[in-house]
Structure formats: C-alpha cells, structure tokens
Amino acid sequence: MKNAKIVQNFGRNLRFKPKYIYSPSNRVELIDILQKHNNGKIRVVASKHSWSDLIETEDVLIDMSHFDYIRVQEKNHGTIVTVGAGCKVKHLLAELSRKGLTIPSVGLIAEQTIAGATATGTHGSGKHSLSHYIESLQVACFDETGKSAKIVDIIEGEPLQAARCSLGCLGVVVELTLPCIPQYFVQEKSTFCKTIEEVLVLEEKAPLQQFFLMPQSWYFFAQERLVSSELKRRGFAAMYRIYWFLVIDLGMHLVMKLIVSILRSRKLVHIFFRSIVPYLVFKNWVVTDRSDRALVMKHELFRHLELEAFVVRSRVVEAASFVKDILQYADSSNHQLSELSIERLQKAQLLESLSSIKGRFTHHYPICFRRVMADDTLISMASGASEDWYAISFITYQEPRDEFQALATFLANSMFELFQARIHWGKWFPQNSDQLNQLYPKIDTFRDVCCRHDPNGVFRNRFVEEKLGF
Ligand SMILES: Cc1cc2nc3c(=O)[nH]c(=O)nc-3n(C[C@H](O)[C@H](O)[C@H](O)COP(=O)(O)OP(=O)(O)OC[C@H]3O[C@@H](n4cnc5c(N)ncnc54)[C@H](O)[C@@H]3O)c2cc1C
C-alpha cells in the first residue's frame with residue numbers, strides 16, 4: 001500500500017484524497033486487495049488523462065502500472081497481443097513496431113494506458129475506437145454473492161461488449177488482447193477548404209483524415225491522411241516532425257497560452273487566428289511517415305480542458321454550422337444568431353439559457369473533427385449506429401475556466417437536443433442520466449452486466465452511479 005496523498009488529474013480540474021492507494025505487483029496481491037475491501041469503494045487509476053470524475057474515490061484507489069507486460073502470439077493465421085492493463089500505449093506501439101506490427105487504431109497521443117484508453121472509448125480518426133478491437137479481457141471482480149474476489153476471462157457476448165468500454169465499472173482489468181496489424185505508413189497533406197462539404201469530399205481519397213474548423217476565420221483545415229502503398233519515410237518526414245513539434249506542438253500552444261491566460265486578450269485571439277495561424281501551415285508539403293509517428297502529436301505538453309461531442313455523419317454538416325453560430329455568439333454580443341438556430345433553440349426551450357454565454361468567451365483553439373466508425377460496444381460514444389460518427393472537440397487553455405465551462409455545458413445540452421450528441425466519457429462531462437438513458441439504447445444491458453460482476457457496486461463512484469443511473 002502507498003501512502004495516501006492527494007491525487008490530481010492531467011487537467012487539474014479534479015483533486016481528491018483516497019484513504020488507501022495500492023499498486024499491486026501480481027494477481028494474488030490484487031485479489032487480496034479486492035477481498036479486503038469487498039465492502040468498500042474501489043476505483044482504478046491509470047495515466048489520469050480523463051477530465052471527467054471517473055477516477056475519483058474517497059476510499060480505495062488501485063494503480064495497475066506494474067502490469068505492463070506485452071506478449072505477442074500467433075493465433076488463427078493472425079497475430080494478437082496480450083497487454084497488461086497498466087502498459088502505456090506508447091510502449092505497446094514501440095514494442096510492436098520493432099516486430100513490424102501495430103494496433104488497428106490510435107488516438108492523438110499515446111500517453112494513456114491501454115486499459116485507461118479503452119475504458120472510455122478512446123479513438124483517432126477514420127477507424128473504430130480502440131475499445132472495439134478488444135478480443136478478450138481478464139478482469140478482477142466479485143462472485144454472485146459479492147463477497148469473494150476472483151479473476152474472470154471475458155471472451156464473448158454482452159460481457160465482452162460491456163468490458164470493451166467499461167468506465168471501470170465491471171472490475172479491475174488485468175490484461176486485454178488486441179489483434180495486431182502489419183505496421184503501415186501514412187501519407188499526409190494539409191489542405192484549406194471554405195466549407196465542410198468540400199472537406200468531407202476529401203475523405204474518399206483520405207479516409208484517415210482529421211479536420212479543423214478554425215475559430216475567428218472560420219475556414220476548414222484538413223490533414224488529408226491515407227495509408228501509403230510504400231513502407232518508407234518520404235517528403236523530408238524527419239524535418240516535418242521537427243517543424244510540427246517546434247511550430248505547432250510548442251510554438252502555437254505557447255503563444256495561445258500567453259494570449260489567453262497571461263495577456264487575456266480576446267482581440268489578440270482574433271488577430272492570431274486570422275493573420276498568423278494560416279501562415280504556420282505548409283499547404284503543399286506531402287509527407288509520408290510511420291503510422292505511430294504520423295497519427296500522434298505532443299498534445300499533452302500544455303494543460304488544458306476538453307469537451308468532445310459525437311454526432312452521426314448525417315448530422316455533421318448541420319452540427320458544424322450550429323457550432324460556428326454559437327461560438328460567434330459566445331464571442332460577440334453583436335452576433336446575430338441564424339433564424340434556424342433560433343428556431344431550433346426555441347423548440348428545445350434553450351433560448352433563455354443563451355444569456356449564460358452571450359459575448360462571454362472567445363474560442364481560441366481549432367475545433368477538431370474526427371470520423372469514428374460505429375463500434376461493437378454497449379456504451380462507447382460510437383456504439384450502436386448504422387453510420388459513422390464525428391467527434392467534435394472543444395478545447396480551452398484559458399484559466400480560470402468558468403466561461404468555457406458555461407459554453408461547454410450549453411453546447412453539450414443544445415447539441416443533445418438538436419443532434420442527439422453524445423459526450424466523450426473521458427472528457428469534461430456535463431450530460432445527465434436522463435440524457436444518457438435516451439442516448440444509449442443498451443445502457444440497461446450495461447448496468448446488468450456490471451451488476452453480475454459487481455453485485456454490491458464496489459467498483460462504482462459517485463460519478464458513474466449518478467450518470468449511469470445505477
Ligand atoms: C492530452 C490528451 C489527449 C487526448 N487525446 C485523445 C484522443 O485523441 N482521443 C480520445 O478518444 N481521447 C483522448 N484523450 C482522452 C483520454 O484518452 C481518455 O480520457 C483515457 O481514458 C485516458 O486514459 P488514462 O490511461 O489516462 O486513464 P485514466 O484517465 O486514469 O482512467 C480512465 C478510466 O479508465 C479506468 N481504468 C483505467 N485502468 C483500468 C483498469 N486496469 N481496470 C479498470 N478500469 C480502469 C479508470 O477507472 C477510469 O474510469 C486525451 C486526453 C488528454 C489529456
């Protein structure tokens with residue numbers, strides 16, 4: 001057992017002090033901990049990158065970082081990898097790459113643990129969430145009496161669908177197995193577009209693309225990405241990585257921090273996005289690089305807060321236009337909302353709550369759109385639709401964060417009413433249990449599976465109890 005101390009997440013929006021913190025080094029120790037606290041409240045913590053209150057507990061916190069093994073095996077004409085829950089995604093990617101392999105999907109950073117990333121449906125662009133690909137898991141949980149701790153293999157059916165994206169509610173994930181795919185290279189090119197329709201057309205030839213709505217100038221910037229037919233770095237890829245790190249990961253973020261948190265100048269945000277940012281990007285630089293380098297960035301360098309809303313593909317054009325309208329309205333009290341937005345907000349009885357955001361916050365970060373294929377889980381944000389989803393992210397570097405949180409709450413509520421938007425479980429999370437019951441048709445099944453593995457609700461904290469309506 002470690003000395004209990006204050007635990008803080010990456011975003012520093014969550015602080016709590018558990019009574020006990022454990023870091024078991026093997027299965028026997030893990031089972032002993034569960035047995036000892038079978039009447040208590042247990043949560044697992046990983047890289048602490050979530051902004052929602054998922055890891056919060058006043059009682060027992062378990063850190064699985066000693067479970068960091070990686071075992072690659074051949075199975076049924078394919079290669080699979082079994083990974084200890086506490087292994088960081090970046091270590092998994094590096095180890096697989098040495099063998100000419102990789103995993104089918106990766107998010108924007110690789111600092112999360114494999115169990116932490118999959119527990120919240122972490123995703124990149126153009127593929128399914130990482131959770132979708134899990135073939136089996138080992139989970140430490142309780143028997144039907146809730147008294148005896150045990151480790152179970154989850155390999156199929158509803159338990160597997162629930163465990164793939166479990167928010168830590170089924171028990172402690174010990175290890176999980178994913179398919180491996182051959183390492184691939186990604187070709188990337190930056191393109192500017194005036195409309196979202198133009199950007200979406202690019203997806204046909206660039207299925208891995210992600211794109212950004214640039215605040216204040218309101219054009220779209222696409223990172224057209226496709227799997228290259230070659231297994232070679234091209235287009236001065238090493239130089240491109242250095243440029244991206246220095247100019248975007250470091251330079252752009254430093255300037256933004258300076259403008260929004262130190263100078264606190266809304267006017268400079270306008271100037272920065274209208275007159276400087278367009279010149280930071282090289283339009284005709286076509287570069288090819290290994291997937292684990294091309295698909296990630298150093299987004300963890302500066303502390304920030306993020307809300308991410310998922311809408312289905314058939315609503316993404318309308319959603320983008322609504323988002324732009326609302327962000328302009330939040331920026332300037334003189335902005336006249338479109339008639340369509342007013343009509344929709346009136347129907348949803350949200351016109352009055354507009355006053356909480358009017359002219360109060362200048363959005364200062366590109367709004368990222370990523371395509372996530374519908375996945376085979378019970379409650380990940382991309383579960384249960386017959387079409388692809390688009391994850392639309394809103395990030396702030398400004399502190400204090402009250403004005404952003406008011407805007408994010410308005411966006412979450414209005415996008416729920418207008419587009420049935422789902423909020424990323426691992427990000428800032430203002431949705432309530434009524435909304436979640438409407439959004440997730442399989443939430444009852446999820447609750448049932450959780451109760452079978454944890455009859456006394458030991459693995460639930462206030463957040464999951466309240467949001468999931470246990
Ligand atoms: C800079 C940054 C960039 C990000 N980029 C992306 C992105 O590109 N795409 C995306 O979808 N998300 C992204 N996220 C969100 C992030 O991927 C998720 O919040 C993820 O869950 C964090 O993983 P973690 O290892 O930090 O887990 P934590 O935040 O520590 O925990 C997350 C959840 O996993 C549970 N958990 C962890 N380990 C176990 C275990 N062994 N057994 C049971 N439950 C467990 C915890 O209880 C908790 O419920 C980003 C976050 C940050 C800070």
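The values are calculated or read from the model by the stated rules, or taken from the named source; none is laboratory data. Since the model is a prediction, treat every value here as computed from it, not as a measurement. Cβ placement follows ideal geometry from the backbone for every residue including glycine, while neighbour counts extend to all protein chains displayed.
Restricting the first member to segment 109-127 and to residues that are outside the structural domain of residue 294 (by TED's automatic domain parsing) and near the ligand (Cβ under 6 Å from one of its atoms), and the second to residues that are in a helix (DSSP H, G or I) and among the β-branched types (Val, Ile, Thr), the beta-carbon pairs closer than 8 Å and six or more apart or on different chains are 112/89; 113/89; 117/89. Of all residues in segment 66-116, those that are aliphatic (A, V, I, L, M), assigned to a helix (DSSP H, G or I) and surrounded by fewer than 17 Cβ atoms within 10 Å (Cβ to Cβ) total 1.
Give segment 289-300 a look and list any residue that's at pLDDT 95 or above and surrounded by fewer than 21 Cβ atoms within 10 Å (Cβ to Cβ), or say none. Please lay out each step first, then the result.
Keep residues of segment 289-300 that are at pLDDT 95 or above, which gives 289-296.
290, 293, 296 - these are the residues of segment 289-300 that are at pLDDT 95 or above and surrounded by fewer than 21 Cβ atoms within 10 Å (Cβ to Cβ).
In contact with a helix residue (DSSP H, G or I) (Cβ under 6 Å, 6 or more places away or on another chain) and either assigned by TED's automatic domain parsing to the domain that holds residue 267 or modelled with pLDDT under 95 (or both), is that true of residue 417?
Values: in contact with a helix residue (DSSP H, G or I) (Cβ under 6 Å, 6 or more places away or on another chain): no; either assigned by TED's automatic domain parsing to the domain that holds residue 267 or modelled with pLDDT under 95 (or both): yes.
Considered against the rule, which asks whether it is in contact with a helix residue (DSSP H, G or I) (Cβ under 6 Å, 6 or more places away or on another chain) and either assigned by TED's automatic domain parsing to the domain that holds residue 267 or modelled with pLDDT under 95 (or both), residue 417 comes out as no.
Looking only at segment 375-394, filter to residues that are in contact (Cβ under 8 Å) with a residue 60 or more places away in the chain and surrounded by fewer than 23 Cβ atoms within 10 Å (Cβ to Cβ); which one of those is farthest from residue 446 (Cα to Cα)? Only one residue tops the list, namely 393.
Residue check: residue 193 meets all listed conditions (1) without any contact (Cβ under 8 Å) to a residue 60 or more places away in the chain; (2) over 25 Å from residue 295 (Cβ atoms) but one, namely (2).
What tally of residues in segment 295-350 results from selecting those that are acidic (Asp, Glu) and either in a helix (DSSP H, G or I) or not assigned by TED's automatic domain parsing to the domain that holds residue 385 (or both)? Let's see the steps before the verdict.
The first filter runs over segment 295-350 and keeps only residues acidic (Asp, Glu), leaving 300, 306, 308, 318, 325, 331, 339, 343.
Among the residues that remain, those that are also either in a helix (DSSP H, G or I) or not assigned by TED's automatic domain parsing to the domain that holds residue 385 (or both) are: 318, 325, 331, 339, 343.
The qualifying residues number 5.
Among the residues of segment 374-391, some residue qualifies, meaning at least one is at pLDDT 95 or above and under 21 Å from residue 216 (Cα atoms). When residue 81 is tested against (1) within 15 Å of the ligand (Cβ to nearest atom); (2) in contact with a helix residue (DSSP H, G or I) (Cβ under 8 Å, 6 or more places away or on another chain), just one condition goes unmet, and that condition is (1). Being under 20 Å from the mean Cα position of the chain (by Cα) and either closer than 27 Å to residue 364 by Cβ or at pLDDT below 95 (or both) holds for only one residue in 202, 213, and it is 213.
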